[in-house]
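Following: one structure in structure tokens, then a few remarks.
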Amino acid sequence: MDTVTANLDLARDLDVRILEAHARLRRAERDLALLLAEMQDGWRYLDLGYANVCDYALARLDLEPRKTRALVRIGRALPGLPCIDQAMASGALCWTKARELLSVVTPETEAAWVEEASRLTSRALELKVAAHAPGEPPSGDTVKESGPVHLVFTMEPVEAEQVRNTLAAIRAKNRTECHVVIARRQAHGR
């Protein structure tokens, strides 16, 4: 066997091992989502001396609160979404794509969205989800913007204050969701 063939065989073997490790990581993310949801819903973090599940996950797992909240949301949703659950259990779907899908899937559209997610990068899926209302099946529509979307409104001061308060509340909950809401409204001409 020549050196080129030997190097190619080593590279292919390493590639297989990397892909297997990556699938195990994705399966572990699903398990972690389910377990964190159980910890949250059963308030078990209190028994361990933590004020909330995010404090627990930060101290014990070094997980940022944003990721913890997303994993809990996924873990809570998985029992009602068998296609997403199966895709995560098999290692075919990562938690970030599952997070995106939760804002648009229904039991009727779940399989189509999981199939779509398997073909797209996380960023492309994010843009596609932003272009669809909850319950809509995936289509060719995507949001064309690649950065922040700037909106200009003209309204009475009382209404402007209500809009500011609403946007501040959305940003406080999750900055990413604010961008999705704005992009979705733009995509639908609202």
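The values are calculated or read from the model by the stated rules, or taken from the named source; none is laboratory data. Just so it is clear, the structure is predicted and the values come from calculations on it, not from any experiment. Because the Cβ atoms are built from the backbone with ideal geometry, glycine has one as well, and the counts that use them run over all protein chains shown. All accessible areas refer to the heavy atoms of the entire protein, side chains included, with ligands and DNA or RNA removed. Shrake-Rupley method; radii C 1.70, N 1.55, O 1.52, S 1.80 Å.
Can you pull a Stokes-Einstein diffusion coefficient for the stretch 42-92 at 10 °C (1.306 mPa s), Rh from Kirkwood over Cα pairs, as a whole number of µm²/s?
For these conditions, the coefficient is 132 µm²/s.
Could you please report the charge total around Y45, scoring K, R as +1 and D, E as -1 over all other residues with beta-carbon less than 12 angstrom from its beta-carbon? Before the final figure, lay out the partial values.
Working: positive: R44, R60; negative: E38, D41, D47, D55.
Here the charged neighbours net out to -2.
DSSP loop GluC sites (Glu not before Pro) in the stretch 56-137 with at most 16 other Cβ atoms within 10 Å of their Cβ, which ones?
Values: sites: E100, E108, E110, E115, E116, E126; in loops: E108.
Here the sparse-neighbourhood loop sites are E108.
Which value, in debye to the nearest 20, describes the size of the charge dipole of the stretch 1-84 about its Cα centre when Lys and Arg Cβ atoms bear +1, Asp and Glu Cβ atoms bear -1, and nothing else is charged? Please list the in-between numbers first.
Working: 13 positive and 13 negative charges, 82 e Å.
For the stretch 1-84, the charge dipole is close to 400 debye.
Would you tell me the accessible area of V158, worked out with a 1.4 angstrom probe on the heavy atoms of the protein chains, in Å² to the nearest 10?
The accessible area comes out at roughly 110 Å².
In whole Hz, what ³J(HN,Hα) sequence does the stretch 114-130 give by Karplus (6.51, -1.76, 1.60; θ = phi - 60°), x for Gly and Pro?
5, 4, 4, 4, 5, 9, 10, 6, 4, 5, 5, 5, 4, 5, 5, 4, 4
Take A172 and Q86, extend 7 Å from each Cα along the Cα→Cβ direction, and tell me the distance between the two endpoints in nm.
4.2
Under a crude label model (7 Å from the Cα following the beta-carbon direction), how far is E115 from D41 in nanometres?
My value for the distance between the label points is 2.9 nm.
Could you tell me whether the stretch 1-102 comes out rounded, prolate or oblate from its Cα gyration tensor? Rule is a ≥ b ≥ c as square roots of the eigenvalues, rounded for a/c under 1.5, then prolate if a/b exceeds b/c, otherwise oblate.
Numbers: a/c = 3.73, a/b = 2.13, b/c = 1.75.
Prolate, because a/c is 1.5 or more and a/b exceeds b/c.
Using only Cα atoms, figure out Rg for the stretch 73-142 and give it as a multiple of 2.2 N^0.38 Å.
0.96
Under a plain spin-label model, where a point goes 7 Å from the Cα along Cα-to-Cβ, how far apart in nm are R27 and D2?
If labels sit at R27 and D2, their model points lie 3.9 nm apart.
For the stretch 81-97, take each phi angle, set θ = phi - 60°, evaluate the Karplus expression 6.51 cos²θ - 1.76 cosθ + 1.60, and give the result in whole Hz per residue in order, putting x for glycine and proline.
3J(HN,Hα) across the stretch 81-97, in whole Hz: 10, x, 5, 5, 4, 5, 5, 6, 5, 7, x, 7, 10, 8, 5, 5, 5.
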